[in-house]
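Engineer: Quick one: this structure, given as structure tokens, is what I'll be asking you about.
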Amino acid sequence: MRASRGFDVLREVADAPPRVRRSPVGERQRLKALDLLRRERLVETAYCYCIVPLDAPPAAVLHAAGESLEAPWLLPESGELTAIACAVCTIGTAYEHRVSQLFAERQASLAMALNDLGNELLFAVSRRAQDRIQADVNRRGLSMAGELRPGDPGLAIEAQGPVLRLACADTIGITLGPGGLMNPVKSCSMVLGVGIGLPAVKWSRCDHCPTRHKCRVVEPAAGAAA
């Protein structure tokens, strides 16, 4: 298991070009949210992951470390799937508590701006985790391709428990509540295919999302690296 905590993604998110055009009011609220984040130090970044060898030859239901995941999308067209990488990421509990407080104080516009910014920050943390996993996979002389998250079309929400256990989520304080909801709420989990000579996938976990056309963080298909 590998873990990282307390790294900075705020500057990366603040300096990133907007994916959608913001109104002047929206831009002002975003700047206020960024200032609030900096002053109150609301972001508590963390991720952890494990690369887990498969217990049996790959099939529609993957078996690893005693857990089962129905993830047929991860089966490659060529090459050999030998393991899965399971990861969890979070920006902590202080963030969600501050958003709730702002709504209670009837500062809905700022609360929504802060919430949207939290989604961007969580996406940046997940990309940081994926980059770390990719580097780890490369060192092992393997390749990585495909990304699924519980609740995606290719991975049922019921997979949340196994994914968190395989990723050792409890080491960074992430727990599972009713309905597959994680605590802290601003957290995410993911599963990636690992193996030998895996080809780049032709799909993205965002392909079937009904709001893809207006999403700020649409993800491209995950490629493969030797």
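The values are calculated or read from the model by the stated rules, or taken from the named source; none is laboratory data. Everything numeric here is computed off the predicted structure, so don't read it as measured data. Cβ: placed from backbone, ideal geometry, glycine included. Neighbour counts: every protein chain shown.
Engineer: Quick check on my filter: what residues within the stretch 1-59 are exposed (fewer than 14 other Cβ atoms within 10 Å of the Cβ), without any contact (Cβ under 8 Å) to a residue 40 or more places away in the chain and part of a helix (DSSP H, G or I)?
Structural biologist: Of everything in the stretch 1-59, those that are exposed (fewer than 14 other Cβ atoms within 10 Å of the Cβ), without any contact (Cβ under 8 Å) to a residue 40 or more places away in the chain and part of a helix (DSSP H, G or I) turn out to be R11, D15, P24, E27, L31, D35, R38, R39.
Engineer: Is one or more of the residues making up the stretch 104-113 surrounded by fewer than 19 Cβ atoms within 10 Å (Cβ to Cβ), modelled with pLDDT of 95 or more and more than 30 Å from P24 (Cβ to Cβ)?
Structural biologist: Looking for residues that are surrounded by fewer than 19 Cβ atoms within 10 Å (Cβ to Cβ), modelled with pLDDT of 95 or more and more than 30 Å from P24 (Cβ to Cβ), one finds none in the stretch 104-113, hence no.
Engineer: Right, another one. Restricted to the stretch 137-179, and to residues that are crowded, with 19+ Cβ neighbours inside 10 Å and among the polar types (S, T, N, Q), which residue is nearest to S78 (Cα to Cα)?
Structural biologist: Among them, the one singled out is S143.
Engineer: Right, here's the next one. Checking E27 against (1) at pLDDT 95 or above; (2) more than 30 Å from R2 (Cβ to Cβ), which test does it fail?
Structural biologist: (1)
Engineer: Which of the residues spanning the stretch 113-144 are under 17 Å from the mean Cα position of the chain (by Cα) and β-branched (V, I, T)?
Structural biologist: V125, I133 - these are the residues of the stretch 113-144 that are under 17 Å from the mean Cα position of the chain (by Cα) and β-branched (V, I, T).
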